[in-house]
1. Consider just the alpha-carbon atoms of region 95-231 and return their Rg together with their Dmax, both in angstrom.
2. When the Cα atoms of region 339-389 are enclosed in a convex hull and the volume is divided per residue, what value in Å³ results?
3. Based on the Cβ-Cβ distance from Lys331 to Ala176, what FRET efficiency comes out when R0 is 41 Å, to the nearest 0.05?
4. Using alpha carbon centroids, what distance separates region 301-366 and region 195-271, in Å?
5. Taking 1 over the mean of 1/r across every pair of different Cα atoms in region 154-244, what Kirkwood radius in Å do you get?
6. Given R₀ = 22 Å, FRET efficiency for Lys391-Asp261 by Cβ-Cβ distance, to 0.05?
7. Sort 164-171, 222-229, 285-292, 262-269 for me by packing, meaning the mean count of neighbouring Cβ atoms within 10 Å per residue, highest on top.
8. Bin by bin, in steps of 10 Å, what percent of the Cα pairs in region 253-396 do you find, going until the bin that has the longest distance?
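Just so it is clear, none of the values below were taken in a lab; they were calculated from the coordinates. In this text the structure is predicted, and so the values were computed from the model without any measurement. Note that we place each Cβ from the backbone using ideal geometry, even for glycine, and neighbour counts take in every protein chain shown.
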Amino acid sequence: MALQASFLPSALSAHKEGKANGGAKDSAFLGVSLSESIKSDFSSSVLRSHKRNHLSAGIRAQTATTTPGVKSSSPEGKKTLRKGNVIVTGASSGLGLATAKALAEMGRWNVIMACRDFLKAEKAAKSAGMAKENYQVMHLDLASLDSVRQFARNFRQSGLPLDVLVCNAAVYFPTAKEPTYTADGFEMSVGVNHLGHFLLARELLEDLKASDYPSRRLIIVGSITGNTNTLAGNIPPKANLGDLRGLAGGLNGLGSSTMIDGGEFDGAKAYKDSKVCNMLTMQEFHRRYHEETGVTFASLYPGCIATTGLFREHVALFRLLFPPFQKYITKGFVSEEEAGKRLAQVVSNPSLTKSGVYWSWNNNSASFENQLSEEASDPEKAQRLWQLSEKLVGLA
Ligand code: LMG
Ligand code: NDP
Ligand code: PMR
């Protein structure tokens with residue numbers, strides 16, 4: 001059993017950001033080494049095939065006013081790659097905000113911060129020092145399927161191409177005695193973390209397909225705690241989807257259980273189960289769509305970011321002790337800033353285009369392809385999860 005990412009034997013594909021722009025790594029991006037001239041040839045075709053409409057006035061009023069730079073020319077008149085558009089859900093705090101900031105600072109991305117609290121997100125972006133031309137906020141409440149559908153419509157009306165979607169938002173209710181529910185009546189943790197994102201990703205897949213960007217990606221944030229092949233994944237309560245009978249029943253606590261496996265409500269387990277769903281979903285997307293669309297589907301464990309809002313519902317003593325425990329005892333601790341850089345690499349790094357993989361980082365912050373637990377990599381479970389989720393979100 002592996003203790004955590006950093007204890008695993010250094011992986012086959014381990015490499016450090018910064019070294020990643022060598023020719024060998026570039027070749028994973030476009031199939032050939034990315035010389036400037038190839039880049040500019042490529043982007044001219046990008047520009048020619050860019051047929052989308054631009055922002056309608058109504059939507060502009062709610063979102064931001066910048067249309068990402070589609071062209072920019074070097075002094076020799078060579079065109080370079082346009083700014084990419086990346087949606088990050090839950091970008092108003094923690095990992096999502098740190099990722100949005102890291103991407104905005106690269107200057108090559110327009111970050112669409114998809115958040116349930118518009119004002120909080122605007123304030124967070126401002127206090128993180130993000131420049132206005134690099135982001136915009138759009139409302140998305142993953143606890144309502146109507147809101148998810150409306151977000152997809154709003155995004156489409158903005159006329160922006162979609163190049164990368166990051167499913168990052170999550171809730172965690174470790175001390176809840178009773179379940180709470182989404183607008184559609186699903187237990188909240190699985191409803192927000194899995195079902196809301198499942199619908200969002202399905203709705204926006206068409207947009208990713210239509211994008212002319214060289215590397216289009218769908219990234220879903222997973223976790224070590226959903227993987228029972230690690231020590232962290234063996235701290236009770238353990239993730240276990242069972243035969244998915246609770247999900248089949250709608251997770252509504254009426255005729256059925258609120259837990260995927262049909263058991264008694266347990267908030268910590270519901271969160272870990274939802275992370276297993278996230279990791280299974282990424283693989284099922286890969287199996288169904290990677291070959292046809294060329295989109296990269298990946299998930300990751302960014303490290304233990306013990307200081308984020310995820311633990312807001314935990315007891316005060318836990319919130320006090322958890323960061324030093326992770327820092328000095330497990331050594332799994334990572335700062336929000338570092339974790340944001342990691343996720344930003346998965347969005348943007350030309351060497352991280354492999355599809356169907358689960359990324360982790362070692363103590364030197366070098367990324368490697370990690371192994372999922374047996375359950376989190378079970379193709380039959382992934383398929384059944386996909387089919388049941390489709391029914392619940394009204395796609396089948
Ligand atoms: C449970 O809470 C809920 O009850 C349950 O319903 C469910 O929600 C579950 O998974 C979710 O959480 C349990 C949680 C809450 O307690 C724990 O499991 C422990 C959390 C771990 C954090 C505390 C570790 C304490 C270590 C001290 C760290 C200080 C480090 C300083 C380092 C300085 C070095 C220079 O309960 C609490 O939050 C109460 C926590 C009280 C813990 C006090 C116990 C101290 C014992 C210390 C032993 C520690 C270490 C173990 C690891 C040893 C490895 C060598
Ligand atoms: P935070 O609580 O800081 O961030 C979660 C974000 O999700 C917040 O911005 C929150 O919005 C948003 N959110 C919650 N509910 C909804 C909703 N209904 N609709 C839209 N957005 C919503 O936690 P983290 O940054 O730690 O978590 C980010 C991701 O990282 C999660 O997927 C988590 O599972 C994962 N992760 C975290 C680890 C950690 O150690 N912290 C470890 C492994 C994975 P608001 O700001 O309005 O509350
Ligand atoms: Mg865990 C190698 C050790 C390791 C790592 C990397 C994590 C990550 N944790 C480890 C070990 C332990 N944890 C041990 C030994 C204990 C018992 C003291 C322990 C306890 C613990 C609790 C109570 N850990 C927790 C909790 C939570 O409530 C967090 C959780 O499960 O959220 C779902 C959590 C976490 N430990 C982690 C990580 C990354 C988390 C949090 C978040 C997440 O998975 O998204």
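1. 15.7, 48
2. So the per-residue hull volume is 107 Å³.
3. On the way: r = 30 Å, r/R0 = 0.72.
Approximately 0.85, to the nearest 0.05.
4. So the two Cα centres are separated by 19 Å.
5. On the way: mean 1/r = 0.0642 Å⁻¹.
When all Cα pairs of region 154-244 are included, the Kirkwood radius is 15.6 Å.
6. 0.80
7. Final packing ranking: 164-171, 222-229, 262-269, 285-292.
8. 10, 31, 34, 21, 3
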